[in-house]
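Have a look at the structure below before the remarks.
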Amino acid sequence: MEFNLIMSDLKNKIYNPVYFLMGDEPYFIDMVSDYIENKVLDESEKEFNQTVLYGGDITADDVFGAARRFPMMSEYQVIIVKEAQSIKNIAGKEKEKEKKDEDKAKLPLELYLENPLKSTILVICYKYKSVDKRTSLYKSLDKKAVLLESKKIYDNQVAGWIDNYLKGKSFSIGPKASSILAECLGTSLSKITNELDKLMINIPPKSEITMDMIQANIGISKDYNIFELQNAIGKKEVLKANRIVNYFGSNEKDHPLVMTVSILYGYFCKLLLYHHLPDKSQKAVMSSLGIPFNFVDDYKLAGKNYDLNKLKRIFSYLRDYDLKSKGLDRGSASEGILLKEMVFKILH
């Protein structure tokens, strides 16, 4: 079930007996479980009817024993199981079925799903893992529970996600600022939302978020960031690139070489894709590279500056310095020196 539909039902007080929240992106799992934990019962009901269990301390029998209890002076009891991936057999591989008694081969969760207590809202947070879709357990969850598969978003989706998140809070942001945030904050939605929430607290409501605001509240320099570095490299603005490289070298903790190499690798992958596009119209480039319309000209210029032969050499440099950033054949050179060497080779 889609996250937005789950949240819509919850806000309309449409509750289900079992919520199974799984996947690699904890943000959506936390949003659903936190809403249920904070909103379903009032404070007077929570004392006797809300239980939070942790997977490292309990067994599957503890979970479903608690789930079969009836609420006290309340319509519902809420049981939230955090770190459920640590519980043996709660959603593991299916056991081999015995011919005479197939129920003995079923996992405890499968058995509970056959007849869940309607007065219990059971929330199972199964983070960083997913149930095998080929198993009967997955099929049971898909039919009889609210099943959320929380997937990590791709790098090229982050800027759009930031735009939508801010719009939902009545803020706006330009494409350059959202792209810089996407490049610098990565793909962890929990980290992104924490930084955006911190930012929104400190600026006027319904503002358009600018790079000055981002620099003041999140600490990402509007002039010395990875987005500006890749832009300078793409345009072959040597002086600007060297200034940013020197800044990174004096702030190695905030700009680790391994992250810089990774982001530049993604940039040159897009540039390689650009070279192979049969249709280089603005619309086709935007769609294929996943970039805003006002970045298309930058990629067209970078395409002229870096032909396929040069890109081949650049990927070799990136591979070498990725290894050096991880300690292989690095010698005594600092990350700042290595970054200068790498960018010099790319530009020349």
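The values are calculated or read from the model by the stated rules, or taken from the named source; none is laboratory data. None of these values were measured; they are calculated from a predicted model. Here the Cβ is made from the backbone with ideal geometry for all residues, glycine too, and neighbour counts use every protein chain on show.
Taking the conditions (1) surrounded by fewer than 19 Cβ atoms within 10 Å (Cβ to Cβ); (2) under 30 Å from residue 121 (Cβ atoms); (3) touching a residue at least 60 places away in the same chain (Cβ under 8 Å) in turn, residue 161 satisfies each one other than (3). Restricted to region 213-316, the set of helices (runs of 4 or more DSSP H) holding at least 2 residues that are farther than 24 Å from residue 161 by Cβ comprises 226-235, 238-250, 257-275, 296-305. Taking each residue of region 231-254 that is touching a residue at least 40 places away in the same chain (Cβ under 8 Å) and looking for partners that are in a loop (DSSP other than H, G, I, E, B) and loosely packed, with under 15 Cβ neighbours inside 10 Å with beta-carbon atoms closer than 8 Å, six or more apart or interchain, yields 249/334; 252/334.
In region 196-227, the qualifying residues are those that are under 21 Å from the mean Cα position of the chain (by Cα) and β-branched (Val, Ile, Thr), and the one that is surrounded by the fewest Cβ atoms within 10 Å (Cβ to Cβ) is 218. If you filter region 9-47 down to residues that are part of a helix (DSSP H, G or I) and among the small types (Gly, Ala, Ser), you find that the one that is modelled with the lowest pLDDT is 44.
The residue pairs whose first member lies in region 130-145 and is closer than 19 Å to residue 29 by Cα, whose second member is assigned to a helix (DSSP H, G or I) and hydroxyl-bearing (Ser, Thr, Tyr), and whose beta carbons are closer than 9 Å, counting only pairs six or more residues apart or on different chains, are 130/138; 131/138; 132/138. Among the conditions (1) without any contact (Cβ under 8 Å) to a residue 60 or more places away in the chain; (2) in a helix (DSSP H, G or I); (3) of a type in the set (A, V, I, L, M, F, W, C), the only one that residue 342 does not satisfy is (1). The lone criterion from (1) in the same structural domain as residue 261 (by TED's automatic domain parsing); (2) crowded, with 20+ Cβ neighbours inside 10 Å; (3) not charged (D, E, K, R) left unmet by residue 180 is number (1). Answer yes or no: is there a residue in region 320-327 that is among the hydrophobic types (A, V, I, L, M, F, W, C) and either part of a helix (DSSP H, G or I) or in the same structural domain as residue 158 (by TED's automatic domain parsing) (or both). For region 320-327, residues among the hydrophobic types (A, V, I, L, M, F, W, C) and either part of a helix (DSSP H, G or I) or in the same structural domain as residue 158 (by TED's automatic domain parsing) (or both): present. Scanning region 107-144 for residues that are surrounded by fewer than 22 Cβ atoms within 10 Å (Cβ to Cβ), small (Gly, Ala, Ser) and either within 23 Å of residue 66 (Cα to Cα) or not assigned by TED's automatic domain parsing to the domain that holds residue 41 (or both) yields a single hit, 119.
Of all residue pairs spaced 6 or more apart or on separate chains, those with beta-carbon atoms under 6 Å, a first member in region 289-308 that is within 14 Å of residue 237 (Cα to Cα) and a second member that is basic (Lys, Arg) and not in a helix (DSSP H, G or I) are 305/236. Scanning region 198-212 for residues that are in contact with a strand residue (DSSP E or B) (Cβ under 9 Å, 6 or more places away or on another chain) and either assigned to a loop (DSSP other than H, G, I, E, B) or outside the structural domain of residue 186 (by TED's automatic domain parsing) (or both) yields 203, 206, 207, 210. Residues in region 60-75 that are surrounded by 17 or more Cβ atoms within 10 Å (Cβ to Cβ) and assigned to a loop (DSSP other than H, G, I, E, B): 71, 74. For region 49-57, the condition holds for at least one residue, the condition being that it is assigned to a helix (DSSP H, G or I), in contact with a strand residue (DSSP E or B) (Cβ under 8 Å, 6 or more places away or on another chain) and at pLDDT below 95. In this structure, is residue 195 part of a helix (DSSP H, G or I), touching a residue at least 60 places away in the same chain (Cβ under 8 Å) and not assigned by TED's automatic domain parsing to the domain that holds residue 340? No; evaluated as a whole, the condition is false for this residue.
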